[in-house]
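First comes the structure, then the notes that go with it.
The values are calculated or read from the model by the stated rules, or taken from the named source; none is laboratory data. Computed from a predicted model, the values in this text were never measured in an experiment. No Cβ is skipped: glycine too gets one built from the backbone with ideal geometry, and neighbour counts run over all protein chains shown. Protein only, heavy atoms only, side chains kept; ligands, DNA and RNA dropped before computing areas. Shrake-Rupley method; radii C 1.70, N 1.55, O 1.52, S 1.80 Å.
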Amino acid sequence: MAETSARIAFHRSLYLPEAVRVAAEAYGPYVESIELVDTDIETIAEIKGMDREGLDDAFANHALFETVVRTRAALGGSA
Amino acid sequence: MTDITQELEELTYSTDGRRVSFTLDEAIYPRDAVYGAAYLFVDRAFVFLTRPADDRIEVRLKPKEESDKAGLEKLAGEYANELLNQVVRVRVGESTAQIREYYMAKAFFADSNQTSIDALLAELDAEELEEDPLEISVPWEDAGNG
């Protein structure tokens with residue numbers, strides 16, 4: 001196992017907290033746990049028990065994807 | 001409009017051999033443009049955004065496939081091109097927003113057009129009824145010869 005835990009800070013001006021939450025729900029089954037902590041400026045994800053390298057990157061990608069889709073939907077457009 | 005090409009010439013990237021990163025001035029590269037370009041790259045690369053300063057966005061791209069230096073350079077170049085596309089798209093959208101709003105408003109609220117269309121339809125209806133009480137259509141050729 002190359003790495004088992006990761007901490008990712010998503011800046012709230014760039015990532016919607018609900019998008020990070022959706023990504024956490026999607027990746028939850030593949031790791032031991034994903035804990036989210038919201039601060040004024042960041043949503044911090046503590047990922048534990050990753051059994052595959054790159055899972056944290058994929059999780060962050062998913063959070064960005066959800067952010068873009070939701071941001072555009074809120075503006076009345078499509079992704 | 002300011003000279004976008006001149007502004008974008010300043011776009012440079014750095015690499016650590018595994019990923020490339022750009023630090024962008026949000027005044028030149030709006031967040032919508034950064035999102036638009038990122039959205040098109042999430043299937044090929046892991047994209048992560050950070051905010052190193054209030055008006056700066058850092059974009060990190062890590063290819064999903066194993067990549068050498070040339071591959072990273074290619075990825076950076078393609079992202080830069082797409083970012084330029086998206087910046088132009090956003091700016092054109094902003095600069096034409098008023099015109100679009102004007103046409104939408106005109107289309108929705110201009111009664112005069114609707115009135116003239118209604119009048120024209122009524123006029124056509126009236127003509128048909130006068131010439132053809134049963135409203136059986138007559139081909140143009142027959143009508144001209146007869």
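Brief remarks on what is shown
- FRET efficiency estimate (nearest 0.05) - Cβ-Cβ, B:Ile28 to B:Tyr103, R0 30 angstrom: 0.55
- Shielding value for B:41-50 is 5, the average number of Cβ atoms from other chains within 10 Å of each residue's Cβ.
- Solvent-accessible surface of chain A, averaged per residue with a 1.4 angstrom probe and all protein chains in place: 52 square angstrom.
- Solvent-accessible area per residue for segment B:53-105 (1.4 angstrom probe, square angstrom): 66 Å²
- HN-Hα J in Hz across segment A:28-34 - Karplus 6.51, -1.76, 1.60, θ = phi - 60°, x for Gly and Pro: x, x, 9, 10, 5, 7, 10
- When A and B come together, around 1600 square angstrom of accessible surface is lost from both chains combined, probe 1.4 Å.
- The sum of -39500 (n - 2.57) across all DSSP H runs of n ≥ 4, divided by the residue count of chain A, sets its helix-only mean residue ellipticity at 222 nm to -13000 deg cm²/dmol.
- Under 25 Å from the Cα of B:Lys64 - lysines, other chains or at least 8 residues apart: A:Lys48, B:Lys74
- Note on B:Ser21 and A:Ala26: the model spin-label points, each 7 Å out from Cα along the C-beta direction, lie 2.4 nm apart.
- Neighbouring partner chain Cβ atoms per residue of B:58-71, average, 10 Å criterion: 1
- Heavy-atom accessible surface of chain A: percent carbon and sulfur, 1.4 Å: 48 percent
- Average beta-carbon neighbours from other chains, 10 Å sphere, peptide A:60-69: 5
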